[in-house]
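What follows is a single structure, written as structure tokens, with notes after it.
The values are calculated or read from the model by the stated rules, or taken from the named source; none is laboratory data. Being a predicted model, the structure only gives us computed values, none of them experimental. Reconstructed Cβ throughout: ideal geometry from the backbone, glycine too, with neighbour counts over all protein chains shown.
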Amino acid sequence: MKVILTEKVPTLGNVGEIVNISAGYARNFVIPNKLGVIADAGNAKALANQQKALAKKVAEQKADAQAVKSKIDGLTLEFVKKAGANGKLFGAITTLDLSNELKSKGVEIERRLITVNNAMKNLGKFTAKVKLFQGVEAEFKINIVMDPAQAEELKAKQIAAEKRKEEKAAAAALAAENGEEPAKEDAAVEQTEDQRLAAQANAILRS
């Protein structure tokens, strides 16, 4: 059933919007609570009159939405998180997290109004949009960075891996000069592990 909202309903939409909801929800909740009126074809004239009557309220709420937009546009939210291999987070950032962070900055936004360009499962930068009203949309940035303690730990691992690599190369060169044969299998295993650690550290620190 199509209903035109006469009040803002968080789970449905803003004043003046036409929404499609179940007949039961409309008759048992929306219409009895004067949150909306039926917007079917047979009610076209009444609907037009209702929209005119709502024009002032719509204009006021649109102006409020514009004010909120001015607070959100250009904003950057930063999240400090721990990450695994290739910068993958131990738990994604959700729209609820974004809503809570915006609230901490004095801007209350329902999570359902927020959409993000990509799933926030990795370190990096993302863009989010907020539908505040019909024709009014705000945009903000999200920056997910690595926990400083973890970053330092990875840097230390990377430095240690590179040092071991240099030491092995020097030992191999010395062995070659002395006509000795290095322990190839063990060296190969250790080198592979060192390379893995260095690659992981580099991948995450570059994110």
| said: Restricting to region 85-125, and then to whatever is closer than 23 Å to residue 150 by Cα and β-branched (Val, Ile, Thr), can you tell me which residue is surrounded by the most Cβ atoms within 10 Å (Cβ to Cβ)? | reply: 93
| How many of the residues making up region 13-38 are free of Cβ contacts under 8 Å to residues at least 12 places away in the same chain and part of a loop (DSSP other than H, G, I, E, B)? | 2
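Would you point out which residue out of 109, 142 is in contact (Cβ under 8 Å) with a residue 40 or more places away in the chain and part of a loop (DSSP other than H, G, I, E, B)? Even if it seems obvious, please write down each step before you answer.
Details: 142 fails: part of a loop (DSSP other than H, G, I, E, B).
Result of the check over 109, 142: 109.
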| task | Quick one: residue 124 ticks every box in (1) at positive phi; (2) touching a Pro at 6+ places or on another chain (Cβ under 8 Å) except a single one, so which number is it? | result | (2)
| remark: The residue that is surrounded by the fewest Cβ atoms within 10 Å (Cβ to Cβ), considering only those in region 64-84 that are in contact with a Phe, Trp or Tyr (Cβ under 6 Å, 6 or more places away or on another chain) and either within 19 Å of residue 138 (Cβ to Cβ) or among the β-branched types (Val, Ile, Thr) (or both), is 75
| query | What is the number of the single condition among (1) in contact (Cβ under 8 Å) with a residue 60 or more places away in the chain; (2) within 30 Å of residue 143 (Cβ to Cβ); (3) touching a Phe, Trp or Tyr at 6+ places or on another chain (Cβ under 7 Å) that residue 61 does not meet? | reply | (2)
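In this structure, is residue 13 at pLDDT below 90 and touching a helix residue (DSSP H, G or I) at 6+ places or on another chain (Cβ under 9 Å)?
Numbers: at pLDDT below 90: yes; touching a helix residue (DSSP H, G or I) at 6+ places or on another chain (Cβ under 9 Å): no.
No.
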| query | Residues of region 9-38 being under 21 Å from residue 60 (Cβ atoms), in contact with an Asp or Glu (Cβ under 9 Å, 6 or more places away or on another chain) and surrounded by fewer than 17 Cβ atoms within 10 Å (Cβ to Cβ), which ones? | reply | 10, 33, 34
| How many residues does region 69-99 contain that are over 14 Å from residue 129 (Cα atoms), over 11 Å from the mean Cα position of the chain (by Cα) and of a type in the set (Asp, Glu)? | 0
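Among the residues of region 90-98, is there at least one that is charged (D, E, K, R), in a helix (DSSP H, G or I) and closer than 22 Å to residue 13 by Cα? Break it down stepwise before answering.
Step one: of region 90-98, the residues charged (D, E, K, R) are 97.
Keeping just the survivors that are in a helix (DSSP H, G or I) gives 97.
Subset that is closer than 22 Å to residue 13 by Cα: 97.
The answer is yes; a qualifying residue exists.
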